[in-house]
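Report on one structure; see the data block that follows.
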Amino acid sequence: LRRSLSEMREIADPRLDPVASELAVATRLAAARIAAAKVGPLAQMGSTVVAIRLDPRRRLAVIGHVGDSRAYRLRAGRLERLTVDHSLWEELVAAGAAPAERTAFPYRHVITRALGTPHAEPDLRVDALAPGDVFLLCSDGLSEVLADQVIAAALARPAAAACRALVAAAYQAGSTDNISAVVVRVLG
């Protein structure tokens, strides 16, 4: 624990909101630990991450991500994607050079940032919380195969039921990737 605290002091960014800095430090520490474990059969290992840190006192949500795991927010019945994938596809979209059909692009799953690589700096987003907000953190095995309408409908359920419904729907839709879902509901 002492080592982790000293590491945190060394890599904390005083220019960031303190809660955002905590999430950035945690992401950097995870990236360093993954990089250190990359030996032998694990030499090519990497991971994506999406995380949320709530600050109820200041009514803030901080979201951090690396790779193509995503965060969504359902607010007042409207679903909003809060992260942009770190992928070759999204870079082509941003440059205005994406092919017309995403599914026809053979490199759509190539990620440009991952934990355990030199390119693991998280994107951070700080948003105000509103009563009734529902956040979904998920892997691309879920977001790749489910339409926004399906996600929004599932998020209207209680959190545990929403997770079960989303994972089941992704399996039913034929996902062949890892499927994970975490749902966070803001009360009052």
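The values are calculated or read from the model by the stated rules, or taken from the named source; none is laboratory data. In this text the structure is predicted, and so the values were computed from the model without any measurement. Counting neighbours? That spans all protein chains shown, and the Cβs are built from the backbone with ideal geometry, glycine included. Each accessible area value is taken on the protein alone, full model and side chains, heavy atoms only, with ligands, DNA and RNA left out. Shrake-Rupley method; radii C 1.70, N 1.55, O 1.52, S 1.80 Å.
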Within the range 89-120, of all residues that are touching a residue at least 40 places away in the same chain (Cβ under 8 Å) and among the hydrophobic types (A, V, I, L, M, F, W, C), the one most open to solvent (accessible area, probe 1.4 Å) is ILE111
Scanning the range 15-35 for residues that are free of Cβ contacts under 8 Å to residues at least 60 places away in the same chain, open to solvent by less than 20 Å² (accessible area, probe 1.4 Å) and either part of a loop (DSSP other than H, G, I, E, B) or small (Gly, Ala, Ser) (or both) gives SER21
(1) in contact with a strand residue (DSSP E or B) (Cβ under 7 Å, 6 or more places away or on another chain); (2) within 22 Å of ALA51 (Cβ to Cβ); (3) open to solvent by 60 Å² or more (accessible area, probe 1.4 Å) all hold for VAL84 apart from (1)
Pairs returned, first residue in the range 132-158 that is within 15 Å of ALA76 (Cβ to Cβ), second residue that is surrounded by fewer than 16 Cβ atoms within 10 Å (Cβ to Cβ), beta-carbon separation under 6 angstrom, 6 or more apart or interchain, are VAL134/ARG185; PHE135/VAL184
Looking across the range 173-188 at residues that are of a type outside the set (Lys, Arg) and open to solvent by 80 Å² or more (accessible area, probe 1.4 Å), the single one that is farthest from GLY77 (Cα to Cα) is THR176
